[in-house]
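Here's the structure, in structure tokens; my notes come after.
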Amino acid sequence: MSSKIITIDHGSGGKLTLDLIEMFTDYFGDSGIDSMTDSAVFSTDSGTAAFTTDSYVVNPLHFPGGDIGKLAVCGTVNDLAVSGAVPKYLSCAFILEEGLELEELETIVKSMAGTAEAADVKIVTGDTKVVERGACDKMFINTSGVGFLKDKHSSLGSGINVAEGDKILINGNIGDHGLSVLSIRNSFSNEIKSDCAPLNGLITTCLEINDCIHFMRDATRGGLAAVLTELASKIKAGINMEETNIPVAESTRGLCELLGFDPLHLANEGKVIIVAGKGWEDILKTMKNHPLGRKSRVIGTIVNDHPGRVVLETEIGGSRIIDIPAGMQLPRIC
């Protein structure tokens with residue numbers, strides 16, 4: 001009988017990824033820190049802090065709307081921001097393959113520096129390793145980040161305050177990042193660009209409006225479907241979504257139909273999902289007034305029906321259950 005092995009689908013952000021995470025948590029145990037959120041949130045002598053780490057292996061290194069360097073900064077900044085933290089400091093570690101051109105490395109580093117400046121964070125420490133030709137795909141990057149937050153925001157990543165009637169908001173079109181990477185990877189000719197962007201400015205502005213935000217998450221691997229199915233399962237409540245309200249660019253929708261992809265499952269790198277209670281109208285207005293939220297919409301509601309499930313009301317008047325994907329539609333998109 002052969003041993004089980006790691007497959008590319010274990011990196012999908014779907015069910016196999018969750019299975020893999022459970023193996024880690026079985027051995028690492030309960031540290032007293034929320035283990036299934038985008039950042040660990042914990043108390044220090046100086047206040048409440050958030051800490052996160054992520055690795056980036058996107059292929060190719062450059063894609064419409066970004067590159068691996070921009071992606072690395074945005075991904076870590078966003079993981080901190082959706083936990084309610086103000087991102088402050090990042091680390092950066094490079095694994096470089098022998099044969100990588102120095103000019104290409106410099107282009108990536110310059111992109112990271114510009115993105116960090118735009119996000120108002122500092123890259124303060126790092127590491128570099130070089131491996132033999134063929135041991136990695138040009139360049140892998142790991143970034144870790146630290147931020148600080150108000151005590152009242154410490155449960156935003158857990159969803160424990162989500163209640164029936166809460167509205168689900170998103171700040172714009174879904175699926176663009178995944179298809180932009182696919183397009184350049186396969187030489188498709190289209191105008192789809194990644195939504196890769198640091199969201200901390202938008203999120204901080206929303207948190208300053210009122211205290212009605214009960215949950216936030218950025219929809220990266222596994223897309224919108226993965227975030228909402230995980231939330232419904234965690235809070236033991238149902239979610240109703242309106243397909244007609246979910247923003248998808250026509251170019252993205254058309255390519256999805258051609259290739260058989262579901263935009264709900266595609267990765268994003270500049271989309272925040274916000275669940276808010278009474279006062280959500282002010283949050284939506286604030287989102288729409290921000291450059292990264294012009295196309296913000298209400299896409300769903302928390303309900304007591306069908307607990308643990310996400311139900312999509314379709315454009316043609318039917319309904320279907322949305323589930324977390326088992327594997328990966330597109331590998332190595334972040």
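What follows draws every value from the coordinates through simple rules; no lab data is involved. This structure is a prediction, so every number in the text was calculated from the model and none was measured. Here Cβ is always computed from backbone atoms with ideal geometry, including for glycine, and neighbour counts include all displayed protein chains.
For this structure, a couple of remarks:
- Taking the range 182-214 as the range and being out of contact with any helix residue (DSSP H, G or I) (no Cβ under 9 Å at 6 or more places or on another chain) and farther than 29 Å from residue 84 by Cβ as the test, the residues that pass are 184, 185, 186, 187.
- Of all the numbered requirements in (1) surrounded by fewer than 18 Cβ atoms within 10 Å (Cβ to Cβ); (2) touching a residue at least 24 places away in the same chain (Cβ under 8 Å), residue 159 misses one, and that requirement is (1).
- Residues in the range 86-120 that are touching a Phe, Trp or Tyr at 6+ places or on another chain (Cβ under 9 Å) and assigned to a loop (DSSP other than H, G, I, E, B): there are none.
- Taking first residues from the range 48-68 that are under 14 Å from residue 112 (Cβ atoms) and partners that are of a type in the set (Phe, Trp, Tyr), the Cβ contacts under 8 Å between residues at least 6 apart in sequence or on separate chains come to 56/140; 68/56.
- Scanning the range 159-169 for residues that are part of a loop (DSSP other than H, G, I, E, B) and either out of contact with any strand residue (DSSP E or B) (no Cβ under 8 Å at 6 or more places or on another chain) or closer than 20 Å to residue 225 by Cβ (or both) yields 159, 160, 162, 166.
- Filter pass, residue 91 being within 20 Å of residue 268 (Cα to Cα), surrounded by 12 or more Cβ atoms within 10 Å (Cβ to Cβ) and hydroxyl-bearing (Ser, Thr, Tyr): no
- Some residue of the range 276-285 being under 27 Å from residue 76 (Cα atoms), touching a residue at least 12 places away in the same chain (Cβ under 8 Å) and assigned to a strand (DSSP E or B): yes
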